[in-house]
Amino acid sequence: MQYEHERWLSWNQPANILMITLPLEAGVYRAKEFFGQNWPLTILYFEGDQVVWFNRWEELRSLGEKILDSWLLPGASEQFFTGFEQECKTMRRAVQDMVQLLESSDPPHAVLADHYRAFVDKYLRWYAIGWCAEPVQFCAERILVRELERLVALGHIEGEKVISGKIHLFSPTAMTYQAKMEISFAACVETVLAALRRAGWSIADDMPFSREEPFITWSAVLNDPIYDDARRMCQAHAAEFYWSRNNYLNTCKLTGPDVLDEVGKALKDRPPQAIRKGVADLEGMFTRENPSRRELKQNLGAYHRAIVDILGSNALLKDRRKEVISRVNHVLTLFLERIAADFSITLGQAQQMLSAEIEEVLSQGRISEALCETLTMRREKAVVIWCEHDVAPIEYTSLRRLRDSGQDRYPPLTEWTMGGPTIVEGAAAANDMLAALNGKFGFVLDLEKRVTSSRIKGDCVFFNPGEFEIKGTARIVLDPKVPGNFEKGDVLIAPSTTPDYLALMKKAACIVTDWGGWTSHAALVAREFGKPCIVGTNYATKIFADGDQVAVILPDGIIEKSLLEEPA
């Protein structure tokens, strides 16, 4: 589909209904307790394991302005961000307690329902505080970019300094979880290297391992005391970052053998000294202020300097939030796996359940045939609408026909209120509803036609000095667990990135996303990995095909199809 990106934000990625609708419930209903504001009208279009999320830019930015105004009051933002850090610690403890309960015991369904209800309530209250990050980001980034453009036009700042300094101006104010994970992983590499050398392996510091040479196996690490330190280090890293491969669709618990396997891949990809240098550079990002950032900030007035500080703290908020969400999704998966096993449905069906349906099934100790049928239809296609208020009437002849024929599961839009999400299941009904909504709101320009341009532009949020163009093979990755033929040096093109994209991001020559800003996950990780990155292209995953040869022009943020050079 071709989306109307000037007025509507469209965001797509692998997701299931439960893990996406819980944050929305917090933003739409719970957030008013803290902000007096709530997340605006949201339309979700599910097809299989993918979701497309729609919001109006105007509503998001207006919301961001209101929150930003309150944060600019003396001490307000500092108090908020400090409080959110404390709430994250509380939520991590709740996750830890629930994981221990679900993995070490088998409580009856009624007890499980109580635990689920209490855990989700804590999650919603926590997310009601943290949902504000995107509206603030969209608003604050635009204010700051416009001010920088104004200063350049007046000749107060050199354009080249803005290009280099802006990359660092939006950086988080403290070390991210991704940086902590990389530093911990580097310690695993060093411990494994020391053990291998004690075992008699000949390892050069300036050469990677041979790709053909087999690496040490986990069974060997378990059975030989010489590897005890390496085993403990890998297991400790896995225990701390077990959630790091999770997304909004599936969870994949990191284990000690997984870490050892990643150590082997890292040593075959880069020599040990290069890994050490990368970690030293990463640590330096958070211990030394970048001179370009300092100089650029000095040219700003007090108001815009305050916005720079808020953006840095907001980037850190998003980082902490993503970590906690990944942990929570692990718990939600444990609940869904228990439901699937106990009530003889597939995990794919269980993932389509709304939170209220999970509570009902666990409380009653049974699942109805009607709900099973509904879950199957949802997995095929579904449209979910969240809003705080009634939506104006929409003409939808096909759905009215369904209702008149006795299928009255589809309420008219005038009946959609704050009682919960309105959901339409099944391919025919979902397609009709999407067309009807599009007729009302115009967020999809063309329901079928593919975008045919061969050139697109976004925001270049990181590039290395002296690196002005990258050529490579485009790899369209909608789900990082299905990376296709991704090879080192390919150009990663994704809707957006989440922690489970990290392995691909490390291998990529360049990272390109459909949406995201200067403080998005892709932007932050790209800076930490030293990877060129362009975000906010809107259509990159639709314009380019997997395997296309592309040229990425830095720092202009342009991606275009390129021809392979003819051999001499």
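The values are calculated or read from the model by the stated rules, or taken from the named source; none is laboratory data. On a predicted model such as this, the values are computed, not experimentally measured, just so you know. Neighbour counts run over all protein chains shown; Cβ positions are idealised from the backbone, glycine included. To get the accessible areas, we keep the full protein, side chains included, count just its heavy atoms, and leave off ligands, DNA and RNA. Shrake-Rupley method; radii C 1.70, N 1.55, O 1.52, S 1.80 Å.
Some observations on this one:
- Chain lengthening between Asp228 and Phe34 when straightened (0.36 nm per residue, less Cα-Cα): 64.9 nm
- Counting every pair of alpha carbons in the range 198-326, the share spaced more than 26 Å apart comes to 46 percent.
- Other residues within the sphere of radius under 11 Å centred on the Cβ of Phe46, judged by their own Cβ, net out at -1 (K and R +1, D and E -1).
- Ordered by 1.4 Å accessible area with all protein chains kept, Met207, Met285, Met175 run largest first as Met207, Met285, Met175.
- Counting Lys and Arg as +1 and Asp and Glu as -1 over every other residue whose Cβ lies under 13 Å from the Cβ of Ile367, the net charge comes to -4.
- Taking a sphere under 9 Å around the Cβ of Arg92 and counting the other residues whose Cβ falls inside, with K and R at +1 and D and E at -1, yields a net charge of +2.
- The three principal axes of the C-alpha atoms in the chain carry coordinate ranges of 75, 68, 60 Å, sorted with the longest axis first.
- Most positive-pole-ward Cα, Asn290, Ala302, Gln273, against dipole of the range 267-309 from beta carbon charges: Gln273
- In the assembled protein chains, Asp97 presents an accessible area of approximately 100 Å² (probe radius 1.4 Å).
- Length gained on full extension, Glu295 to Asp121: 58.1 nm, using 0.36 nm per residue less the C-alpha separation.
- Accessible surface calculations at 1.4 Å, restricted to protein heavy atoms, place the chain at 42 Å² per residue.
- Under 5 Å, built H, 5+ apart or other chain: amide partners of Tyr248: none
- Contact order for the chain, expressed relative to its length and based on alpha carbon pairs under 8 Å spaced 6+ residues apart, stands at 20 percent.
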